[in-house]
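Here's the structure we're looking at; comments come further down.
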Amino acid sequence: MPVALVKDGVLDGTAAFSQNYFQIRSAGSWLLGFGFQGGSIKTTDELIRRSPRAPDAHLRFANVSLGAGYGYNFVFGHHAQWLLHLSFLPTFVVYKHNRLTVRSADDRIQGKDSQEKKDHGMCFNMIFNERASLVYYFTPKYFAGASFIMSNSIFDNDKVTINQNKWLARAIIGMRL
């Protein structure tokens, strides 16, 4: 069983989020980030059947981002029973490729084409990535904990504005084999 992986005094995120390691010493580290995010959201035919006044809308987005932040694992309690991890990694979107196509219900009925807004190229919008985890070790083998991971995207200009929030929360009880 791996014990006390601080890797030369540097933060080890696996101790906080996958419980692969039992960390016995507090440590922090600078973080570098590279990201790609993409997706597509479209009005479904079923929605239009249920709600005939709904517009046809299709949003496609993709971006590349670079960033830097800091993370820290704080070990405390008698015999290092508690591990609190906090990290923050803001990233700057350096390239984006967004397209929003919209056709109102009236335009759809009249057979008119959709209106399209494009937003491509270099930009400096932001994505904020935050992580927190609290783990309690009954022994180095048995543990319980909770973690929270959140990402906030802010894309704003005169063509397309997107504010996107994603989060994941989990509670765990486990045993390391």
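The values are calculated or read from the model by the stated rules, or taken from the named source; none is laboratory data. Quantities reported herein were computed from a predicted structural model and do not represent experimental measurements. Note that each Cβ is placed from the backbone with ideal geometry, even for glycine, and that neighbours are counted across all protein chains shown. Heads up: the accessible areas ignore ligands, DNA and RNA and are worked out on the full protein's heavy atoms, side chains in. Shrake-Rupley method; radii C 1.70, N 1.55, O 1.52, S 1.80 Å.
Things to note:
- Put Ile41, Ile48, Ile127 in order of accessible area, highest first, and with a 1.4 Å probe you get Ile41, Ile48, Ile127.
- According to the Kirkwood relation over distinct C-alpha pairs, the hydrodynamic radius of the range 19-177 is 19.0 Å.
- Lysine pairs within the range 19-177, Cα separation less than 16 Å, 8 or more sequence positions apart or different chains: 7
- Between Leu177 and Asp45, the modelled label-to-label distance comes to 4.6 nm, taking each label 7 Å out from Cα in the direction of the beta carbon.
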